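The structure under discussion appears below in the form of structure tokens.
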Amino acid sequence: MFEVSKSIILVSTKKLLFSDFETISSKQWKQQIQYELKGADYNETLVWESLEGIKVKPFYHNDEVEESNSNLSKNPSKEAFKILQNIFVHDVKKSNERALNTLNRGAESIRFTIENDIISIENLMQNLPLEKTTYYFYLPFLSIDFVSKLNDFAAKNQAKFIIQLDPIGQLCKDGNWFENLENDFDKLNTISKFQIPTININSGIYQNAGANIVQQLAYTLAHANEYFNRIPAINQPITIEVSVGTNYFFEIAKLRALRLLFSTLAIEYNHNFDCHIIATPTKRNKTIYDYNVNMLRTTTECMSAILGGANAIANLPYDALYHKDNEFGDRISRNQLLVLKHESYFDKVSNPADGAYYIENLTQQLAEKALELFKDIEKNGGLITQLIEGNIQKKIQESAAKEQDLFDSGKEILLGTNKYPNKNDRMKHDLELYPFVKQNPRKTLIIPIIEKRLAEKLEQERLSLE
């Protein structure tokens, strides 16, 4: 009884204590700041503008924040994010063993990348736990028969499968459809009638090519709209794969704005499912020199993804640019997520960004700007038409060039690469993979959207001197 009474007294005292303070408005704060600046211009000194055209202020106040959209922007499942392990299927037996091993060592979901339709699903899934584990299948081909086998296996074994099929993403990345627009969508219409989710949007390609956040959101929304328009009834969740950049708070707001925008669009098509977001750190800011810094970059990017409400996160190994898949790189990247989840307790709060005035403001601004751009894309024929005309590629190139200029001038810093480089660092003989854009002249329907890292030119110059 004493403890209860004591608590009541403390709470009561606290309420009386805070009621003694007068509320300070944002106008009063700004006046005080201007006084402290002693004549310096407030906007020039303390306000900076992002590449998206958003002016970031030195403080945010609740009297400037519009009604929260957190009910739409958070992860609706209220489940903690899942640690996703990528496995490229070369050898079925080895891929099966690797999947089992990584699940025993902390992974919670598996994504198999399967390049052809001759893979045996039964052999690949042998002895793998099915009850509580989600398995993703990324398919860079369209096969009704193969997806039918996956669907039948999932139904028979009560497995949770998510298939990632994205003909528009194929067009963006490769410059060509799998076959052609008509055949691709005929097949996708048939496949979309299966019980398991099959439609995927590869939003990451826009970010990795240099699109700013507003463009990424608008192009993703237009990408989704093409599927809603061309597939009569999508009765399954749509998966959106997002690349997360290094601008910490902006990236949190980006994922929240994405859910808000998708929900707004889905309502128009009577689509009653929320999007399923898979987040992966971007490659755009990763480097081959001083490569251990990549671990710091991917850690903060994964944090943004978690706080932004991603359903699953597939971390990028620190050596992914120049090493083939290896157990050590995978273990380190998985452990980063395990530390965030089980030691930093990032899984304990369903939506920790709620009520943060800065993030709420960013979310609203990004959503409004993206919606405006989306409407312009639709007014001019939609995403596919704009891709064929080359307008999307042109806008991404313009955005990428602005960011590249910032990097080249040293205003955008990648530690160990364009700031405090280790001149004794040698990488020429450690490259198992070619970490630069490959020039492959060939005939394509559209100009492909090419992913490119900021440090490529500088790294090539350094390699030539080794």
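Under 10 °C and 1.306 mPa s, how fast does segment 97-156 diffuse according to Stokes-Einstein, given a Kirkwood radius computed over C-alpha pairs? Answer in µm²/s, whole number. Translational diffusion coefficient: 129 µm²/s.
Roughly how big is segment 175-303's charge dipole about its Cα centre, with Cβ charges of +1 (Lys, Arg) and -1 (Asp, Glu), in debye to the nearest 20? The partial results should precede the final answer.
Details: 10 positive and 11 negative charges, 71 e Å.
Using only the charged Cβ atoms, the result is roughly 340 debye.
When the charge dipole of segment 351-453 is built from unit charges on Cβ atoms (+1 for Lys and Arg, -1 for Asp and Glu) and taken about the Cα centre, the candidate among Ile450, Phe407, Gln439 whose Cα reaches farthest toward its positive end is Gln439.
The long axis of helix 391-408 is offset from the longest Cα principal axis of the chain by roughly 60 degrees. Heavy-atom accessible area with a 1.4 Å probe sorts Ser120, Ser350, largest first, into Ser350, Ser120.
Across the chain, Cα pairs under 8 Å and at least six residues apart give a relative contact order of 18 percent. Applying the criteria of a DSSP loop state and at most 11 other Cβ atoms within 10 Å to the trypsin sites (Lys or Arg not before Pro) of segment 309-373 yields Lys324, Lys348. Calculate what fraction, in whole %, of the accessible area of segment 269-387 sits on carbon and sulfur atoms when a 1.4 Å probe is rolled over the protein chains. The nonpolar share, carbon plus sulfur, comes to 52 percent. Relative to the longest principal axis of the Cα atoms of the chain, helix 26-37 runs at roughly 80 degrees. As a length-normalised measure over Cα pairs under 8 Å and 6 or more apart, the relative contact order of segment 289-418 settles at 23 percent. Site pair Phe88 and Lys375 shows an inter-label distance of 4.4 nm when each label is modelled 7 Å from Cα along Cα→Cβ. Computed about its Cα centre, the charge dipole of segment 87-204 is approximately 540 debye, with only Lys, Arg, Asp and Glu carrying charge at their Cβ.
Rounded to 0.05, the FRET efficiency of the Asn335 and Arg426 pair, given R0 = 35 Å and the Cβ-Cβ distance, is 0.80. In a reduced charge model with +1 at each Lys and Arg Cβ and -1 at each Asp and Glu Cβ, the chain shows a dipole moment near 640 debye about its Cα centre. Distance between the 7 Å Cα→Cβ label points at Lys193 and Lys402: 4.6 nm.
Of the options Pro232, Ile384, Ala312, report the single residue whose Cα projects farthest towards the positive end of the charge dipole of the chain (beta-carbon charges: Lys, Arg +1; Asp, Glu -1). It is Ala312. Using the Cα centre of segment 245-359 as origin and beta-carbon charges of +1 (Lys, Arg) and -1 (Asp, Glu), tell me which of Thr299, Tyr289, Phe273 is placed farthest towards the positive end of the dipole. Checked the options; the winner is Tyr289. Counting only alpha carbon atoms, the long axis of helix 2-19 and the longest principal axis of the chain meet at about 70°.
Return the whole-Å distance between the Cα centroid of segment 130-186 and the Cα centroid of segment 91-111. Between the Cα centre of segment 130-186 and that of segment 91-111, the gap is 20 Å.
Take every pair of alpha-carbon atoms less than 8 Å apart whose residues are at least six positions apart; their mean separation over the length of segment 77-123 yields a relative contact order of 48 percent. Straight-line cross-link partners of Lys156 among the lysines, defined as a Cα under 21 Å from its Cα and at least 8 positions apart when in the same chain: Lys132, Lys193. The residues of the chain present an accessible area of 51 Å² per residue when probed at 1.4 Å with all protein chains retained.
The values are calculated or read from the model by the stated rules, or taken from the named source; none is laboratory data. Source: prediction; values computed, not measured. Virtual Cβ from ideal backbone geometry, glycine too; neighbours counted across all protein chains shown. These area figures cover heavy atoms from the full protein model, side chains too; ligands, DNA and RNA do not enter into them. Shrake-Rupley method; radii C 1.70, N 1.55, O 1.52, S 1.80 Å.
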